[in-house]
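J.: To start, I am sharing the structure in question, which I have written as structure tokens.
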Amino acid sequence: MTTIHKPIIFIGFMGAGKTTIGQTLAQKYNLRFVDLDLFISESEKRSIPEIFQDEGEQAFRKYEYYYLNNVIDTYDIIATGGGILTNDQTFNYLKTVNAHIIWLDAPFPHLYSRIKNDNNRPNAANKDEAAVKSLYYKRISRYNEIAFSKIATDNSFEQILNEIEKVLCANDQY
């Protein structure tokens, strides 16, 4: 995996490891990485919870679509927010882009344990496990529909990276 001909876009639920894995791959291969949520927050000069509070979730989803369009030709690896596919415009756009869309996932109890005390996640903050689990199950079909590949992130970090590299190298041969 020495050359990237099209961007790698990580999708998946909150806590799946999109940012951590994206950063690690970018460092390993000297690629350009962006965490879309951080990019939005820096561009809008507000935190994600502030945007949710000030303008609501639907406005935030429009920001995701707008900024994804701005970064897709600039970065090699993009870590998206867990709810990016809830916006139909973004979902349909991602169906048309020339990118490796990889769904990072783990069993729900692992995801929940990673996010349950994180106040920077407005769709999980102050919600009980059942509410967050319901949100997870609502999103699965969209992740599955759009993903080029699904990688489990409940393995060792090395195994996760190896699996991603195998998937990307296999795809480059076609």
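J.: Considering only protein heavy atoms, with the full assembly of protein chains and a 1.4 angstrom probe, order His110, His100 by accessible area, largest first.
T.: Values: His110 75, His100 5 Å².
Solvent-accessible surface, decreasing: His110, His100.
J.: What is the P(r) of segment 99-174, as percent of Cα-Cα pairs per 10 Å bin from 0?
T.: Result, from short to long distances: 17, 41, 32, 10, 1 percent.
J.: Say R0 is 25 Å: what FRET efficiency, to the nearest 0.05, do Cys169 and Asn92 get from their beta-carbon distance? Walk me through the intermediate numbers first.
T.: Details: r = 29 Å, r/R0 = 1.15.
Calculated transfer efficiency: 0.30.
J.: Which percent of the accessible area of segment 38-174 is formed by carbon and sulfur heavy atoms (probe 1.4 angstrom)? Mind showing how you got there, number by number?
T.: On the way: 3230 of 7340 Å².
The computed percentage sits at 44.
J.: Where Rh is the Kirkwood radius over the Cα pairs of the chain, the temperature 37 °C and the viscosity 0.692 mPa s, what D in µm²/s does Stokes-Einstein return?
T.: The diffusion coefficient I find is 201 µm²/s.
J.: Just to confirm a number: summing +1 for Lys and Arg and -1 for Asp and Glu over residues other than Asp128 whose beta-carbon lies under 15 angstrom from that of Asp128, what do you get? Before the final figure, lay out each step's value.
T.: Numbers: positive: Lys116, Arg121, Lys127, Lys133; negative: Asp118, Glu129.
Cβ neighbours under 15 Å give a net charge of +2.
J.: How large is ³J(HN,Hα), in whole Hz, for each residue of segment 40-56 in order, when computed from phi with the Karplus curve 6.51 cos²θ - 1.76 cosθ + 1.60 and θ = phi - 60°, using x for Gly and Pro?
T.: Values per residue, Gly and Pro as x: 4, 4, 5, 5, 8, 6, 8, 6, 4, x, 5, 4, 4, 5, 6, 10, x Hz.
J.: Could you work out how much longer the chain between Asp118 and Leu38 gets when fully extended? Use 0.36 nm per residue separation minus the Cα distance between them, nm to one decimal. Mind dumping the intermediate values first?
T.: On the way: separation 80, 0.36 × 80 = 28.80 nm, distance 1.50 nm.
Gain on stretching Asp118 to Leu38: 27.3 nm.
J.: Taking only protein heavy atoms into account and a 1.4 Å probe, give the accessible area per residue of the chain in Å². Walk me through the numbers on the way to the answer.
T.: Values: 8910 Å² over 174 residues.
Accessible surface, normalised per residue, equals 51 Å².
J.: Compute the length gained on full extension between Gln58 and Ser134: take 0.36 nm times their separation in residues and subtract their Cα-Cα distance, giving the result in nm to one decimal. Write down the numbers at each step before the final one.
T.: Numbers: separation 76, 0.36 × 76 = 27.36 nm, distance 1.89 nm.
Using 0.36 nm per residue and subtracting the Cα-Cα distance, I get 25.5 nm.
J.: When the helix-only estimate is applied to the chain (DSSP H runs of n ≥ 4, each -39,500 (n - 2.57), divided by the residue count), what is the mean residue ellipticity at 222 nm, nearest 500 deg cm²/dmol? Don't jump to the answer; show the numbers that get you there.
T.: Working: 8 runs with 95 residues, N = 174.
Computed ellipticity for the chain at 222 nm equals -17000 deg cm²/dmol.
J.: Something else: Tell me which residues come under 5 Å, amide H to amide H, from Lys116 once H is placed; ignore anything under 5 positions away on its chain.
T.: So Lys116 has HN proximity to no qualifying residue.
J.: Same structure, new question: Assuming a ≥ b ≥ c are the square roots of the Cα gyration tensor eigenvalues, decide whether segment 25-84 counts as rounded (a/c under 1.5), prolate (otherwise, with a/b larger than b/c) or oblate. Walk me through the numbers on the way to the answer.
T.: Values: a/c = 2.51, a/b = 2.15, b/c = 1.17.
Because a/c hits 1.5 or more and a/b exceeds b/c, segment 25-84 counts as prolate.
The values are calculated or read from the model by the stated rules, or taken from the named source; none is laboratory data. As the structure is a prediction and not an experimental result, all values here were calculated from the model. Methodologically, a virtual Cβ is constructed for each residue, glycine included, from the backbone with ideal geometry; neighbour enumeration extends over all protein chains shown. Heads up: the accessible areas ignore ligands, DNA and RNA and are worked out on the full protein's heavy atoms, side chains in. Shrake-Rupley method; radii C 1.70, N 1.55, O 1.52, S 1.80 Å.
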